[in-house]
Each structure stands twice: as structure tokens, then as C-alpha cells.
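Take a look at the structure set out below.
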Amino acid sequence: MKMDLNYIKKLIKILDTSSVAELEIVEEGSKIRLSKPKPKVSANYAPVEYFPVQNQNALENQNPRQDSQADEQKSKPLQSENLIEVKSPMVGTFYRAPTPDADAYINIGSTVSPGSVLCIIEAMKLMNEIESETSGKIVKILVENAQPVEYNQPLFLIEKN
């Protein structure tokens, strides 16, 4: 059987955007093996990217609103300068728990520390645990369970301790 070129291109794109270094697929007698070149320079790689969230007060001053009291209540946790945005390190499907009937790894208000599992992202039938790199409290979960996520898409907001 001959493999479809578009299928191979999709596999390459998935490999490029994931943290997986090597991929091998066997289908009906055909076999394809893809691997990334090893980095030449050793670096301290963080599997999850963290970016500080912009201060919401600056944005609100640009566009004043009439119902400020209701809006202040909704955006109150986002006004803190210690908020860290946890972003997806890969394309895949977001899961809050290890199995459908298990409890979620974390909930809003949960306290996390470095190494705490936050969620799983499934990519090509591989389950990748996403761990926290900071201590703090989960203030917002930005993705619904079992939803697809893109590379660098925000997943959680953590208020640093």
C-alpha cells in the first residue's frame, strides 16, 4: 500500500508542533518513521510556557464602560500582576482528568506547586501530562474538557504565591 502524501505532511506538521521527538506508524504493511534532529545546543527546556497576563486596568482605561461595578466583579482576579498564563506546548486534545470517570487533576481554587499535573494533552494517541512550573492557585480554567487546543493556546491562569 502506498501512503498518501497529504497524510505524511500532516504527520510532519504534528511532529513539528509537538514535544514528541520520534514517531513511527505501521499501517497495512506500510511503515513510516519520522524523527526530529537532536538540538545542537543543550538548553534548559520548559515543557509548558508561562507568560504574564497584561494588566487589565490599562485596557479598561482605553475603553470605559457604563456598568463598571458588574465588570469589576468579573475581572477582579485578572487585575493581579502575579497572574501566570499556562499555554499549551502542542496541538492536541485537552483533558482535565486521566480517565473520563476520574476526578479532575485541578479545579478553580486548587493550589499547585512545581511538578503538579495540571492536565493531559492527547496528540497522536500519546497522552502528555502538562505540569506546573510555579507555585500558586488556579484562578481560571480557559479550556473545556475534551476540546481541541492549538500550540501556545492559553489553558490556565495561576496566581503566583
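The values are calculated or read from the model by the stated rules, or taken from the named source; none is laboratory data. Keep in mind it's a predicted model, so treat the numbers as computed, not measured. Glycine gets a Cβ as well: all are built from the backbone with ideal geometry, and neighbour counts include every protein chain shown.
Some points to look at:
- Selection count, the range 122-161, where residues are within 11 Å of LYS87 (Cα to Cα) and either among the basic types (Lys, Arg) or touching a helix residue (DSSP H, G or I) at 6+ places or on another chain (Cβ under 8 Å) (or both): 2
- Flag for ILE130 being outside the structural domain of ILE14 (by TED's automatic domain parsing), farther than 30 Å from VAL26 by Cα and at pLDDT 90 or above: no
- Among the residues of the range 107-140, those identified as over 11 Å from the mean Cα position of the chain (by Cα) and aliphatic (A, V, I, L, M) are ILE108, VAL112, VAL117, ALA123, MET124, LEU126, MET127, ILE138, VAL139.
- Any hit, the range 107-121, residues being touching a Phe, Trp or Tyr at 6+ places or on another chain (Cβ under 6 Å) and either surrounded by fewer than 15 Cβ atoms within 10 Å (Cβ to Cβ) or in the same structural domain as ILE25 (by TED's automatic domain parsing) (or both): yes
- Answer residue from the range 133-155, given it is part of a loop (DSSP other than H, G, I, E, B) and of a type in the set (Val, Ile, Thr) and is nearest to PRO100 (Cα to Cα) among those: VAL143
- Residue that is surrounded by the most Cβ atoms within 10 Å (Cβ to Cβ) [pool: residues in the range 122-138 that are polar (S, T, N, Q) and over 17 Å from LEU15 (Cα atoms)]: SER132
- Positions within the range 97-143 being among the charged types (D, E, K, R) and in contact (Cβ under 8 Å) with a residue 24 or more places away in the chain, in sequence order: GLU122, GLU131, GLU133, LYS137, LYS140
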